[in-house]
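Trainee: Before anything else, here's the structure in question.
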Amino acid sequence: METRKRAWLDALLLLVLVFVAHGSSLSNQWIWDDDDYVTENPLLTAPDGLSAIWLEPDRSPQYYPMVHTSYWIEHQLWDLQPFGYHLVNVLLHGLSAVLLWRLLRRWKLSGAYFAAALFAVHPVMVESVAWVTERKNVLSCLFALGAAHAFWSYAERSRTQDLVWTFVLFLGALFSKTVTASLPAVLALVFWWQGRPFQRKQVLALGAMLVMGACMGLFTAAQEVDKVRAFGEPWDLSLVDRSLIAGRALWFYLYKLLLPLDLVFIYPRWQIDSGQALAYLFPLAALALLAVAWAFRHRVGRGPLVAFLVFGGVLFPALGFLNVYPHLFSFVADHFQYHAATAIFALLGGGLAWALRSQFQGQAWLEGPVGQAWPKAAAAVCAALLLILSFLSFQQTRIYKDAEVLWTDTLKRNPQAWIAHDNLGGQRLQENDLQKAEAHFQASLELYPKNFRACFNLASVAMRRGQIQRAEDYYGRALSIQSDYFTARAPLAEIYKNTGRLAEAEQAAETAFQDAEAQERPESELAGLRLLWADCLLANGKLDRADGLIQQALAGQPGGLQATALLGRLRLAQGQTEEGVRLLQQVLQTNGQHRPSLEALAWVRASHEQRNFRNGKEALALAQRFAGNRRDPVSLDLLAAAQATNHRFSQATALADQAVKAAESAFYRHRLPAIQQRQALYLAGRPYRHPLGLP
């Protein structure tokens, strides 16, 4: 059989191994963070989405434009069907396995094919392959391996086109995940391992790559702090603490590669105590390992030293020296070592080749079983190991089936994983199972008392139950932990507004907007907070300031429904009734159940002083649509006014009586005097009238 054909068959075999180990992920659904990156990512549907992915970093969850471009393309092809996204992840991982084999073969590493096969089927790789959000890993690895191939071609042939491809592919890797910034250092170490002399042009090329990687790495580190918000007490660690974390993490990752059992999506977060002498054993042992590898470099070669240096160097951004958001939950994660693990796999492949060197009779073990006849001992050992690892990967892939299975498995293996309680509680909240949702959120808060998001979620449960004071307390608790948590301050402003505390509402809404603006949140979020602020200003009678904010919102989104409705209500308050009615009717033509518009227009039709704006039949129809099955004082008060304008005073009085009783609760008590005044009118056989048609 021709050599080229044998190589293709060996490559195909690697792909088959990948699908055996990871193929069950093709039926998986969406899990954690997939909503931010794919299913609810507005950039995938926005008209300017593709350009924004590249030119507006603040509009993406993380600035990895190659990753988001791949999502954008897939969204055009198969919308939000998860099968396609999972298939691409598996294919990218398979192609990386093939490229890794060809690269190690090119470097004349004996055991190259076995090393690539380990990468293909190892269970630690499952987290990156089965999780759509970790497209960052599988795509950046493919680009990085391609860049390494291109650079080696440049080193061998000095062709300009190879150098161009090196830079293009390296940029692709950086724009997928900046952990690949370490690639030029890896290539330099490989040069040293092989004893190749550096030429000036190679040094310049690697230097340029280092600068490119450093720039992108610094940008990503800044985003982790400024946008992802990886700062505060969980990251307030001394250099000693960070060194202790790094030392322990290195050994943890190496252990999981050698014995990939009890893999967990969220591992327990270690308690670091620099006062314990045993804590220093991990970093000291890591340094000792490097020292031994250095001392024996002449006897066993430079390979082990280079492998350990590459492993630690590629892992460096995730070892704890830099603020990384997932360290809030755990200092380690399987997907952190996706790239770095290739160095250990190469070392294991080379080690096995050395152990079986007598079987190969001095020949380098570079090819797969098709391209090179493997001795029975080598074939048996490799087949057994790969079969075991493939089975473990197949099992591990199943826990990524969906969010429910993932978080349930996480809690089973790590009962301290408060983030699992948060997510399971969120699912129960979506199902309106308030009792189970509350239990999960309470458990999360007990495990991590500074979990301000759990406080927010408990407030959401309370709001659904109508426990307004309890919700207000939890929102306040969330803000006492994280003062700029605008997501909690905004609904608190709503509570203040709806309970008549208008000055507090205005202040809370303004602060929420300012905090979100300071955090450089997307304009879509700022627009909603801007309108909330304007609504509070309108309720407080500050019409000019409200008008300015509404106009800003409309400038950013002409014809926006919420802004148009709020502008309509503002025009009513300004005495521009005809314009206000037109705007509200425009909103209701688009959304006939828009409650603020139904309420405002119903009051105009029921109570305006000028007869030409009143319409009793329409007022009653609007009030009934607004109320539906609700019997809260706001709905009852409006229904009473609509009945009164139709001279049905007995019905109006009865509804007003119900409204008075319902308004005796603390949440509505501020409305009670106005409702009672209207009740007195109905008892006297008179409808309620207002110069502007307002309640």
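Trainee: Among the numbered conditions (1) in a helix (DSSP H, G or I); (2) among the charged types (D, E, K, R); (3) open to solvent by 50 Å² or more (accessible area, probe 1.4 Å), tell me where GLU224 comes up short.
Mentor: The failed condition is (3).
Trainee: So which of ARG428, ARG465, ARG413 is modelled with pLDDT of 95 or more and open to solvent by 50 Å² or more (accessible area, probe 1.4 Å)?
Mentor: Answer to the check: ARG413.
Trainee: When both residues are 6+ apart or on different chains and their Cβ atoms are under 8 Å apart, which pairs have a first residue that lies in the range 396-414 and is within 12 Å of ILE266 (Cβ to Cβ), and a second that is open to solvent by 30 Å² or more (accessible area, probe 1.4 Å) and β-branched (Val, Ile, Thr)?
Mentor: ILE399/VAL405
Trainee: Let me ask another. Checking the condition touching a residue at least 40 places away in the same chain (Cβ under 8 Å) and either of a type in the set (Val, Ile, Thr) or in a loop (DSSP other than H, G, I, E, B) (or both), which residue from LEU392, LEU366 passes?
Mentor: Exactly one residue qualifies, and that residue is LEU366.
Trainee: Continuing with this model, one more query. Does PHE114 satisfy being touching a Cys at 6+ places or on another chain (Cβ under 8 Å), of a type in the set (Phe, Trp, Tyr) and buried (at least 24 other Cβ atoms within 10 Å of the Cβ)?
Mentor: For PHE114, the condition - touching a Cys at 6+ places or on another chain (Cβ under 8 Å), of a type in the set (Phe, Trp, Tyr) and buried (at least 24 other Cβ atoms within 10 Å of the Cβ) - is met.
Trainee: Report the residue count in the range 37-60 for those that are under 26 Å from GLY213 (Cβ atoms) and in contact (Cβ under 8 Å) with a residue 40 or more places away in the chain.
Mentor: So the answer is 4.
Trainee: If you check ASP422, ASP409, which single one turns out to be part of a helix (DSSP H, G or I), within 14 Å of PHE329 (Cβ to Cβ) and charged (D, E, K, R)?
Mentor: ASP422
Trainee: Does VAL186 count as within 30 Å of GLU56 (Cα to Cα), of a type outside the set (Lys, Arg) and in contact (Cβ under 8 Å) with a residue 24 or more places away in the chain?
Mentor: no
Trainee: Scan the range 306-320 and tell me whether some residue there is in contact with a Pro (Cβ under 7 Å, 6 or more places away or on another chain) and under 27 Å from LEU183 (Cβ atoms).
Mentor: No, the range 306-320 contains no residue that is in contact with a Pro (Cβ under 7 Å, 6 or more places away or on another chain) and under 27 Å from LEU183 (Cβ atoms).
Trainee: Looking at TYR85, TYR63, TYR71, which is the one that is touching a Pro at 6+ places or on another chain (Cβ under 8 Å) and either among the acidic types (Asp, Glu) or closer than 30 Å to GLN223 by Cα (or both)?
Mentor: Unique residue meeting the criteria: TYR63.
Trainee: If SER25 meets every condition in (1) at pLDDT below 95; (2) out of contact with any Asp or Glu (no Cβ under 7 Å at 6 or more places or on another chain) apart from one, which number is that one?
Mentor: It is condition (1) that SER25 fails.
Trainee: Name the residue that is surrounded by the fewest Cβ atoms within 10 Å (Cβ to Cβ), counting only residues in the range 277-303 that are small (Gly, Ala, Ser) and within 22 Å of GLN194 (Cβ to Cβ).
Mentor: So, considering only residues that are small (Gly, Ala, Ser) and within 22 Å of GLN194 (Cβ to Cβ), the one surrounded by the fewest Cβ atoms within 10 Å (Cβ to Cβ) is ALA295.
Trainee: Six or more apart or on different chains, Cβ atoms under 9 Å: show the pairs whose first residue is in the range 472-500 and in contact (Cβ under 8 Å) with a residue 24 or more places away in the chain and whose second is of a type in the set (A, V, I, L, M) and assigned to a loop (DSSP other than H, G, I, E, B).
Mentor: THR499/ALA666
Trainee: Looking only at the range 82-103, how many residues end up being over 21 Å from THR69 (Cβ atoms) and surrounded by 24 or more Cβ atoms within 10 Å (Cβ to Cβ)?
Mentor: Result for the range 82-103: 3.
Trainee: Check the range 238-260 and report whether any residue there is outside any helix (DSSP H, G or I), open to solvent by 40 Å² or more (accessible area, probe 1.4 Å) and within 30 Å of TYR448 (Cβ to Cβ).
Mentor: For the range 238-260, residues outside any helix (DSSP H, G or I), open to solvent by 40 Å² or more (accessible area, probe 1.4 Å) and within 30 Å of TYR448 (Cβ to Cβ): present.
Trainee: Further question: Going residue by residue through the range 20-33, is there one that turns out to be open to solvent by less than 40 Å² (accessible area, probe 1.4 Å), of a type in the set (Val, Ile, Thr) and closer than 24 Å to ALA516 by Cα?
Mentor: No, there is no match, as no residue in the range 20-33 is open to solvent by less than 40 Å² (accessible area, probe 1.4 Å), of a type in the set (Val, Ile, Thr) and closer than 24 Å to ALA516 by Cα.
Trainee: Could you look through the range 34-58, keep only residues that are of a type in the set (Ser, Thr, Tyr) and open to solvent by less than 50 Å² (accessible area, probe 1.4 Å), and pick out the one that is farthest from PRO522 (Cα to Cα)?
Mentor: THR39
Trainee: Within the range 388-410, track down each residue that is farther than 20 Å from THR133 by Cβ and surrounded by fewer than 20 Cβ atoms within 10 Å (Cβ to Cβ).
Mentor: Passing the criteria: ILE388, PHE391, LEU392, PHE394, GLN395.
Trainee: Would you confirm whether or not the range 70-77 contains a residue that is surrounded by fewer than 17 Cβ atoms within 10 Å (Cβ to Cβ), out of contact with any His (no Cβ under 6 Å at 6 or more places or on another chain) and polar (S, T, N, Q)?
Mentor: Taking every residue of the range 70-77 in turn, at least one turns out to be surrounded by fewer than 17 Cβ atoms within 10 Å (Cβ to Cβ), out of contact with any His (no Cβ under 6 Å at 6 or more places or on another chain) and polar (S, T, N, Q).
Trainee: Consider GLY146 carefully, then state whether it is open to solvent by 10 Å² or more (accessible area, probe 1.4 Å) and either charged (D, E, K, R) or assigned to a helix (DSSP H, G or I) (or both).
Mentor: yes
Trainee: Additional query: Would you be able to tell me the number of residues in the range 545-583 that are of a type in the set (Gly, Ala, Ser), open to solvent by less than 50 Å² (accessible area, probe 1.4 Å) and either over 26 Å from ARG611 (Cβ atoms) or out of contact with any Leu (no Cβ under 7 Å at 6 or more places or on another chain) (or both)?
Mentor: Qualifying residue count for the region: 5.
Trainee: Still on this structure, I have one more. So which residues in the range 532-542 are assigned to a helix (DSSP H, G or I) and either open to solvent by less than 40 Å² (accessible area, probe 1.4 Å) or on the phi > 0 side of the Ramachandran plot (or both)?
Mentor: Answer for the range 532-542, where residues must be assigned to a helix (DSSP H, G or I) and either open to solvent by less than 40 Å² (accessible area, probe 1.4 Å) or on the phi > 0 side of the Ramachandran plot (or both): LEU532, TRP533, ALA534, ASP535, CYS536, LEU537, LEU538.
Trainee: What helices (runs of 4 or more DSSP H) completely inside the range 584-695 contain at least 3 residues that are on the phi < 0 side of the Ramachandran plot, open to solvent by 40 Å² or more (accessible area, probe 1.4 Å) and without any contact (Cβ under 8 Å) to a residue 60 or more places away in the chain?
Mentor: 595-607, 616-627, 649-662, 672-683
Trainee: Go through (1) open to solvent by less than 70 Å² (accessible area, probe 1.4 Å); (2) under 28 Å from ALA403 (Cα atoms); (3) in a helix (DSSP H, G or I) one by one and return the number of the condition ALA208 breaks.
Mentor: (2)
Trainee: THR166 fails exactly one of the following numbered conditions: (1) of a type in the set (Val, Ile, Thr); (2) within 27 Å of THR133 (Cβ to Cβ); (3) open to solvent by less than 10 Å² (accessible area, probe 1.4 Å). What is the number of that condition?
Mentor: (2)
The values are calculated or read from the model by the stated rules, or taken from the named source; none is laboratory data. Bear in mind the structure is a predicted one, so any value in this text is a computation, not a measurement. No Cβ is skipped: glycine too gets one built from the backbone with ideal geometry, and neighbour counts run over all protein chains shown. Side chains included, ligands, DNA and RNA excluded: accessible areas come from the protein's heavy atoms. Shrake-Rupley method; radii C 1.70, N 1.55, O 1.52, S 1.80 Å.
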